[in-house]
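The values are calculated or read from the model by the stated rules, or taken from the named source; none is laboratory data. What you are looking at is a predicted structure, and each value in this text was computed from that prediction instead of being measured. All Cβ positions, glycine included, derive from the backbone under ideal geometry; neighbour counts span all protein chains shown. All accessible areas refer to the heavy atoms of the entire protein, side chains included, with ligands and DNA or RNA removed. Shrake-Rupley method; radii C 1.70, N 1.55, O 1.52, S 1.80 Å.
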Amino acid sequence: MATNQTERQLRAVIYTRISHDPSGKAEGVTRQQEACRKLAAELGWRIVGVKTDDDRTAIGKSGDRARRPAYAELLDMLSAREVDAVLVWHTDRLYRQARDLEPLIDIVERTHVVIRPVKQGELDLAMASGRMVARILASVSTHEVEHAVERMKAKHEANRRAGINHGGPRTFGFRAVKPKAVKDQAPQVPKVDPREAALIREAANAVLAYAADPATGRTLTGICRDWNERKIPTPRGKAWTIQSLRGVLLSPRIAGRIAHKGEDAGPAQWDAIVDYDVWLALRNVLKDPSRRRGSGGDDDRQPKYLGSGLYRCGRDGCGAVVRPGGARAGQRQQYRCTSSAHLIRTAEPVDDFVERVIVARLCREDARAAFSAPVEAPQAGVSAEDLNARHATLTARLEALAETFAEDDEADPMEYRTASRKIKERIAAVEQEITEAAAAAASAAAPGPLDSIDLPELVRRHEADSDDALVWWRQRYPLERRRKILTLLAEVTLMPGRRGRPLGVAAGGLDPASVRIDWKGNC
């Protein structure tokens, strides 16, 4: 090292880093800084800055924790010759991989910066021997990390085979797992959270019921909207989205199974929230490619208007459904016949009229009895237990086939692919049966559209003020629910308007004769 550099007081920067700091108290980097300051005092160096990467790993290529902004700032300071020396607790705080060492070597060769670890003595990267030592240390450090990763993977694999939870963020439906108090202690088995588990079962049944019959059940969009309105947060405290809810329902954990890379890796030690056959059915329904529409990957697009796809065109006996569309910016939305443009109606007054009639009909004493759905007799079929047993047998046979061919060096790959394809086809057929059975059961058990409707309160408000009753009705029950009630109660047909203004109809008002409502049920 140059003599003139050692004889004068060097400007030094301290660099500290710790890979994992769950508490966020920065105690580890603070201890490193104290040791570096002590060494600087002994050497007579002047501290001109401190760069810290707390809770940042030096291993990895992507992810927020793999980025080290303070280390990047340090390299910029060295390149700009703003400092003469770097103080660090150990070289593995600066780099843990050879690819991170080489840029540092290039800078030191140009600037002759001194690298001084507290635990190792001066590291002279400007000399060939110093670079050799640094590269050896980097190789040793990389080996230690890779060896630790191998041990961790083996441990996680053993945990998966034993059905033990090996950590990670809290899963919705389960209570938070306490960290291990003692090293090598077995991780705590997650416990089911009763309140969140009930929500998951409710959502699973709603999705399966909707798959069997859209008139029953609910969509992912509707469930997310409901949960967000009820202020039910995700485990991270955020609002629910289709993707986050879909992730919960697709997770094998809710079926009492180990999840590895999102796939089922076998039975777990914790209790299941939903039965395995229900989860298999959910997986088939949610992964069905036909459900995905649009760039957002949503399984359904929620209508924004009451009569979208429900009202029908009554012109010349057309009978085609009407849908919103055609309104330009600043104009009111319109209903248009989907078969041709021979019927166009402004949507808002039609919806107001229909819902006023619906509310008035529900306020009659016989409403619930008149519109109750008939009880269907259960259909005989293969039991869920039999289907699960067949699925387990076929899965075991597929695994045994793979093991047999793996141990046979002379096995024909084409023969294996043919045999495995046949078993996979039978597994897919069984899973389809499970899906259909679970969806049918969920649809049969789904509450009717009028269940839990507060009819007494609706009647009270309607008798006092029909306008107030309509406002309360729309605020209390979401559009998805009101559309199902409309489907249950009546068929609405939009008729052509009459010439001129009908007697008794205010200017700009709706002609009641232009909307025909045919009641279903016993009315």
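When VAL50, VAL274 are compared by accessible area of protein heavy atoms, the largest-first order is VAL50, VAL274, using a 1.4 Å probe.
Computed with a 1.4 Å probe on the full set of protein chains, the accessible area for GLU42 sits at about 130 Å².
Accessible surface for LYS422 stands near 120 Å², nearest 10, in the context of the full protein assembly shown (1.4 Å probe). Under a 5 Å amide H cut-off, with hydrogens placed 1.01 Å from N, ARG257 pairs with ALA268 among residues at least 5 apart or on other chains.
Given the pairs LYS238/LYS304; LYS484/LYS520; LYS287/LYS424; LYS304/LYS520; LYS231/LYS484, which are separated by over 19 angstrom at their Cα positions? From LYS238/LYS304; LYS484/LYS520; LYS287/LYS424; LYS304/LYS520; LYS231/LYS484, over 19 Å: LYS238/LYS304; LYS304/LYS520; LYS231/LYS484.
Taking ASP106, ASP454 and ordering them by how much accessible surface each has at a 1.4 Å probe, largest first, produces ASP106, ASP454. Distances between placed amide hydrogens fall under 5 Å for VAL515 paired with MET495, all partners being 5 or more residues away or on another chain. Distance between the modelled labels on THR395 and ASP213, one decimal in nanometres: 3.0 nm (7 Å Cα→Cβ projection). Leaving out ligands, DNA and RNA, and with a 1.4 Å probe, what % of the accessible surface on the stretch 205-289 is carbon or sulfur? Accessible surface attributable to carbon and sulfur in the stretch 205-289 totals 49 percent.
Subtracting the Cα-Cα distance of GLN269 and ARG46 from 0.36 nm times their residue separation leaves 74.5 nm of extension gain. Amide hydrogen proximity for LYS51: with H placed 1.01 Å from N in the peptide plane, the residues at 5 or more positions away or on another chain lying under 5 Å are ILE14, TYR15, THR16. In the context of the full protein assembly, THR393 retains an accessible surface of approximately 70 Å², using a probe radius of 1.4 Å and ignoring ligands and nucleic acids.
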